[in-house]
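Here is the structure we will look at.
The values are calculated or read from the model by the stated rules, or taken from the named source; none is laboratory data. Bear in mind that the values here come from a model prediction, so they are computed numbers and not experimental data. Because the Cβ atoms are built from the backbone with ideal geometry, glycine has one as well, and the counts that use them run over all protein chains shown. Only protein heavy atoms, including side chains, enter the accessible area calculation; ligands, DNA and RNA are left aside. Shrake-Rupley method; radii C 1.70, N 1.55, O 1.52, S 1.80 Å.
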Amino acid sequence: MNKFFVLVGPSGAGKTYLINRLLEKYPLLFEPVRSTTTRPWREPSDDRHYKFISSEEFKALQARGEFLEDDEYLAYFYGLERKELDRVVQKCHGIMTLTSRGAMAVQDRAQDVRVITIWITASR
C-alpha cells in the first residue's frame, strides 16, 4: 500500500527543499500531491504543486465535500481534493506540505490511506 507523506512546520524550515530533494532522488517512488488553490499562477513550476481554479469553482467543490482539508490564507483558498490524493497513491507515495490543522484533518478523513506526518522544525 502506498503512503501519503505530509510535511508540517514553520515557514522557512525547509519543507519544500526536502520535498524537492526527494522528488529529484526518487522520482519513481514519490509524486507531489497537488493542492487546489484560488491564488494566482506565478511560474511554470507552480503547475507541479497546484491546480488553479476560480473562487466559485472552489466553493462548489467545498459544497460537494470534495476536499479532505481546506483553508483560507491571505484571501486565497487552498484545499486537498480527495480525487487528487487517490490518483497519486494508486501509483506511488504522495508527498506535500500542509498546515498542522490540515494534516490532522487529512488523518481524520483519509481513513483508507496511510498518512505519515513529518514535523520539521527550524534549527540554526
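Between residue 83 and residue 21, what is the spin-label point distance in nm, taking each point 7 Å from the Cα along the Cα→C-beta axis?
3.6 nm
What accessible area per residue comes out for the chain, rounded to a whole number of Å², with a 1.4 Å probe?
With the other protein chains kept in place, the chain gives 61 Å² per residue.
Going by a ≥ b ≥ c, the root eigenvalues of the Cα gyration tensor, does the range 19-111 fall in the rounded group (a/c under 1.5), the prolate group (a/b larger than b/c) or the oblate group?
In terms of gyration-tensor shape, oblate.
Need one number: % antiparallel among DSSP beta bridges in the chain, to the nearest 5.
Looking only at bridges with both residues in the chain, the antiparallel portion is about 35 percent.
If you stretched the chain out fully between residue 100 and residue 120, how much longer would it get, using 0.36 nm times the residue separation minus the C-alpha to C-alpha distance?
Computed gain between residue 100 and residue 120 is 6.1 nm.
Under a point-charge model restricted to the Cβ atoms of Lys and Arg (+1) and Asp and Glu (-1), what is the dipole moment magnitude of the chain relative to its Cα centre, in debye to the nearest 20?
420 debye
Share of the chain's accessible area from carbon and sulfur, percent, 1.4 Å?
Heavy-atom surface of the chain belonging to carbon and sulfur, 1.4 Å probe: 52 percent.
Is it possible to state the helix-based mean residue ellipticity at 222 nm for the chain, with each DSSP H run of 4+ residues giving -39500 (n - 2.57), the sum divided by total residues, to the nearest 500 deg cm²/dmol? What is it?
Roughly -9500 deg cm²/dmol at 222 nm, from the helical runs in the chain.
Given the whole protein assembly as supplied and a 1.4 Å probe, what does the accessible area of residue 43 come to in Å², nearest 10?
Only protein atoms counted, so the area is about 90 Å².
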